[in-house]
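The structure appears right after this line, and notes come after that.
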Amino acid sequence: MNTNLMVVSAVVAALLVWGVLVYNRLMALRNRTSNALAQIDVQLKRRYDLVPNLVAVAKKYLEHESQTLEAVIRARGQAQAAASALRAAPGKPEVADAMVAAEGALGGALGRLMVLTESYPDLKADDTMRSLSEELGSTENRIGYARQAYNDQVLAFNNASRAFPAIVVASMLGFHAMPMLQSTQNAQERDTVRVQF
């Protein structure tokens, strides 16, 4: 009778230790994912801070192109709001999708502004504009790397929390799968762009 109690106690203790180890691993992975999201946020803030300066320089040369400049400012505001929403609810796929869409709109508006600057040699030659454009390009690269690092952490977290037997602990303690950031939303966006002259 006494040995049965010892065996049951040993099994319960082993399960408890295993549960604590799984919990600690999932917490570490979730914290790494949160850190990776914070790194994206740092780079997005850098981009958001560059946009008004870029628009201010361009405004001197593009007075009659106010629609383009207003579109950039509007897209910046929407992207900032979407990034704030993602910080508040990092585990919700619809919030991550909204942030990716808002960032895509900002990227498109900035792209149109950059194309427009090509039509204005004085603007293109402006040292401040050139410097801001280079900094923006560098920031875009950093955002891409930060998103990749975030997705790598999300993959590690999701794999760990969805694998058996850890899924038992994950489900009991509310560790849900986290969404990855995707640059495209549908198959049409993935199609190769056809250029015709």
Quiz item: From the list Ala13, Ala71, which one is touching a residue at least 24 places away in the same chain (Cβ under 8 Å), over 22 Å from Ala146 (Cβ atoms) and not charged (D, E, K, R)?
Solution: Ala71
Quiz item: Within the stretch 31-40, is there a residue that is under 22 Å from Val115 (Cα atoms) and either free of Cβ contacts under 8 Å to residues at least 12 places away in the same chain or among the aromatic types (Phe, Trp, Tyr) (or both)?
Solution: no
Quiz item: So which helices (runs of 4 or more DSSP H) are wholly in the stretch 1-119 and hold at least 2 residues that are polar (S, T, N, Q) and open to solvent by 30 Å² or more (accessible area, probe 1.4 Å)?
Solution: 2-61, 66-88
Quiz prompt | Cβ pairs under 8 Å, 6+ apart, first in the stretch 108-133 and closer than 19 Å to Ala71 by Cα and without any contact (Cβ under 8 Å) to a residue 60 or more places away in the chain, second open to solvent by 80 Å² or more (accessible area, probe 1.4 Å) and among the basic types (Lys, Arg) | solution = Ala109/Arg74; Thr117/Lys124; Glu118/Lys124
Practice problem: State all residues of the stretch 96-107 that are without any contact (Cβ under 8 Å) to a residue 40 or more places away in the chain and farther than 13 Å from Thr68 by Cα; if no residue qualifies, say none. | Solution: Ala98, Ala102
Self-check item: Complete set of residues in the stretch 147-158 that are open to solvent by 10 Å² or more (accessible area, probe 1.4 Å) and under 9 Å from the mean Cα position of the chain (by Cα)
Solution: Arg147, Gln148, Asn151
Exercise. Looking only at the stretch 38-47, decide whether some residue is of a type in the set (Gly, Ala, Ser) and more than 11 Å from the chain's Cα centre (by Cα).
Key: no
Quiz item: Restricting the search to the stretch 120-133, which residues are of a type in the set (Ser, Thr, Tyr) and part of a helix (DSSP H, G or I)?
Solution: Thr128, Ser131, Ser133
Quiz item: If a residue has to be in contact with a Phe, Trp or Tyr (Cβ under 7 Å, 6 or more places away or on another chain) and buried (at least 19 other Cβ atoms within 10 Å of the Cβ) to count, how many in the stretch 170-180 make the cut?
Solution: 1
Practice problem: Run Ala36 past the list (1) modelled with pLDDT under 90; (2) within 19 Å of Ser138 (Cα to Cα) and report the number of the one that doesn't hold. | Solution: (1)
Quiz item: Within the set of pairs 6 or more residues apart or between chains, which connect a residue that is part of a loop (DSSP other than H, G, I, E, B) inside the stretch 158-175 to a residue that is surrounded by 14 or more Cβ atoms within 10 Å (Cβ to Cβ) and modelled with pLDDT of 90 or more with Cβ atoms less than 6 Å apart?
Solution: Phe175/Leu26; Phe175/Ser161
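One line per residue, one yes/no per condition, for (1) touching a Gly at 6+ places or on another chain (Cβ under 8 Å); (2) at pLDDT below 90; (3) more than 23 Å from Glu94 (Cα to Cα):
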residue: Arg142; (1), (2), (3): no, no, yes
residue: Arg147; (1), (2), (3): no, no, no
residue: Tyr150; (1), (2), (3): no, no, no
residue: Ser161; (1), (2), (3): no, no, no
residue: Pro179; (1), (2), (3): yes, yes, no
residue: Thr184; (1), (2), (3): no, yes, no
residue: Ala187; (1), (2), (3): no, yes, no
residue: Phe197; (1), (2), (3): no, yes, yes
Exercise. Please find, among Ser133, Ser84, the residue that is hydroxyl-bearing (Ser, Thr, Tyr), at pLDDT 90 or above and within 25 Å of the chain's Cα centre (by Cα).
Key: Ser84
Quiz prompt | Those residues of the stretch 120-146 which are of a type in the set (Ser, Thr, Tyr), open to solvent by less than 70 Å² (accessible area, probe 1.4 Å) and more than 27 Å from Ala36 (Cβ to Cβ), in sequence order | solution = Tyr120, Ser131, Ser133
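The values are calculated or read from the model by the stated rules, or taken from the named source; none is laboratory data. Nothing here was measured: the structure is a model prediction, and the numbers come from that model. Every residue, glycine as well, gets a Cβ built from its backbone with ideal geometry; the counts of neighbours run over all protein chains shown. Only protein heavy atoms, including side chains, enter the accessible area calculation; ligands, DNA and RNA are left aside. Shrake-Rupley method; radii C 1.70, N 1.55, O 1.52, S 1.80 Å.
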